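*Asks:* The structure is given below, and queries will be raised subsequently.
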Amino acid sequence: MRRTFGIRWLTIALIMLGAMVNFLSRQTLSVAAPTVIANLHITTEQYGWITAAFQGTIMLQPVVGYIIDVLGVKTGFALFAFAWSAICMAHGFATSWQMLAGLRGALGFAEGAFSPGGLKVVSEWFPAKERGLAGGLYNIGPSIGSMLAPPLVAWAILNYSWQEAFVIVGLISMVWVVLWLVFYHPVAKHPALSEEEHHHIVAGQESFLADEGRRPPVLSILKRRNFWGIALPRFLTDPTWGMLSFWVPLYLTTVRGFDLKQIALYAWLPFLAADLGCIFGPAVVLFLQKRGLNLIDARRGAFTVGAVMMIGVAFTGVVQSPLVAVALISLAGFAHQTLSVTMITMATDLFPRNEVGTVAGMAGTCANLGILISSLLIGGMVDRIGYAPFFAALAALDLLAAVVAWSVIRKPHG
């Protein structure tokens, strides 16, 4: 029983909760956007710049990842989680789009801790054969946070105000910081970790990925083919998550005619589908491994399955029924997380543990650059050409990303 339900799974549950509050805080604005835009008299283009401010600073993930690698995941994650909680609450005091953009920029930098911190926990706490499932589980956190945001934020706005919605979410995030500081411990120092489970973790990790105590060589990572094999697909595919996170509530309001109560009723469904994708992706990897594929090819196979499913999303902007549109947007959440968790987790298969946080941060920069560019394009062009071309582009970019993954990544020898 210990091997299946050990301390490592409680640890991944804790990091999943951290991911949940991380994305709950970043999703608050997108749900509140129709109300905030009307209250502060913000244009669609200005809203595009507000979302771009977040994406511009979250691209500093390499800095955040490096800090986490140097300070250790417990101290580093706590530092950034406290910061994003306080900044989220400060959103409630914004009085202009420029002030809101500045706060979004600060939030983006602090929330950049999610990917490198979470992956570092996975790489330290799990043997190779369990990392895919562990990565899938902690990546459920973003989807749960994004799923909770529509009903929670809509309730806060309807009963209090949009300003208080940000304060409530920030306080929820602060509670997690306390839980993290109390309950998280490194593998080597965890007081409740049994010798059996410790051996299970350490014996199942690849020797060529061992942490030799060196600081991560940033320039060396940039020269490696496998880094770009992870970073370029993330650059191409993460605009889908940007669309789900920042633009779907506004799309449902302005194009499909939803009010705030309908947003609360339907806008969480794509993230429920994304939760299922977080489990489906690792399940596909295990299925392919049982049929003879090695770990890297199995992950690329699961990535390709997700990319093929994205083809259906191309029709979101042209279907007549609003509910069919919601279903296709939900397909986007499922397909994106199917491919995303496999690509994110691959960093733990290809790089030593002392480099994982830095690699995740640098790849996250590329991913968020893709979201930044797409957000600026949507903000600048959607009033003229509509959303349909952007939904079609998401499908095409994901298929291109699958080609890159198969042609660039090289399997390690060790």
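The values are calculated or read from the model by the stated rules, or taken from the named source; none is laboratory data. None of these values were measured; they are calculated from a predicted model. Note that each Cβ is placed from the backbone with ideal geometry, even for glycine, and that neighbours are counted across all protein chains shown. Side chains included, ligands, DNA and RNA excluded: accessible areas come from the protein's heavy atoms. Shrake-Rupley method; radii C 1.70, N 1.55, O 1.52, S 1.80 Å.
*Asks:* Working only within region 364-388, note down all residues that are farther than 27 Å from I344 by Cα and assigned to a helix (DSSP H, G or I).
*Replies:* Hits for region 364-388 are G379, G380, M381, V382, D383, R384, I385, A388.
*Asks:* Now, a different point. Considering only region 102-132, state which residues are hydrophobic (A, V, I, L, M, F, W, C) and surrounded by fewer than 21 Cβ atoms within 10 Å (Cβ to Cβ).
*Replies:* A106, A128
*Asks:* Right, another one. Assess whether V308 counts as being at pLDDT below 95, surrounded by fewer than 20 Cβ atoms within 10 Å (Cβ to Cβ), closer than 22 Å to A393 by Cα and of a type in the set (A, V, I, L, M).
*Replies:* no
*Asks:* Is there any pair with a first residue in region 374-399 that is under 19 Å from T253 (Cβ atoms) and of a type outside the set (V, I, T) and a second that is at pLDDT 90 or above and open to solvent by 70 Å² or more (accessible area, probe 1.4 Å) whose Cβ atoms are under 7 Å apart and which are 6 or more apart or on different chains, and what are they?
*Replies:* Once the first residue is under 19 Å from T253 (Cβ atoms) and of a type outside the set (V, I, T) and sits in region 374-399, its partners that are at pLDDT 90 or above and open to solvent by 70 Å² or more (accessible area, probe 1.4 Å) give G379/W49; Y387/V255; A388/V318.
*Asks:* Which of the residues belonging to region 260-302 are assigned to a loop (DSSP other than H, G, I, E, B), at pLDDT below 90 and of a type in the set (A, V, I, L, M)?
*Replies:* Once the filter is applied, which keeps residues that are assigned to a loop (DSSP other than H, G, I, E, B), at pLDDT below 90 and of a type in the set (A, V, I, L, M), region 260-302 yields only A267.
To keep it simple, each residue is scored yes or no on (1) modelled with pLDDT under 90; (2) farther than 21 Å from A307 by Cβ; (3) not charged (D, E, K, R).
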| site | (1), (2), (3) |
| --- | --- |
| A203 | yes, yes, yes |
| L219 | yes, yes, yes |
| K223 | yes, yes, no |
| R234 | no, no, no |
| F258 | no, yes, yes |
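*Asks:* Can you tell me which residue in region 370-383 is nearest to the chain's Cα centre (by Cα), limited to those that are surrounded by fewer than 19 Cβ atoms within 10 Å (Cβ to Cβ) and hydrophobic (A, V, I, L, M, F, W, C)?
*Replies:* Checked region 370-383; the qualifying residue nearest to the chain's Cα centre (by Cα) is I373.
*Asks:* Of all residues in region 8-42, which are open to solvent by 10 Å² or more (accessible area, probe 1.4 Å), over 30 Å from L193 (Cα atoms) and in a helix (DSSP H, G or I)?
*Replies:* R26, P34, T35, I37, A38, N39, L40
*Asks:* Quick check: is even one residue across region 128-147 among the polar types (S, T, N, Q) and out of contact with any Cys (no Cβ under 9 Å at 6 or more places or on another chain)?
*Replies:* yes
*Asks:* Out of A302, A314, report the one residue that is open to solvent by less than 50 Å² (accessible area, probe 1.4 Å) and under 22 Å from F258 (Cα atoms).
*Replies:* Answer to the check: A314.
*Asks:* Of all residues in region 236-263 being over 30 Å from A134 (Cβ atoms) and open to solvent by less than 20 Å² (accessible area, probe 1.4 Å), which is nearest to the chain's Cα centre (by Cα)?
*Replies:* Across region 236-263, the extreme among qualifying residues is W247.
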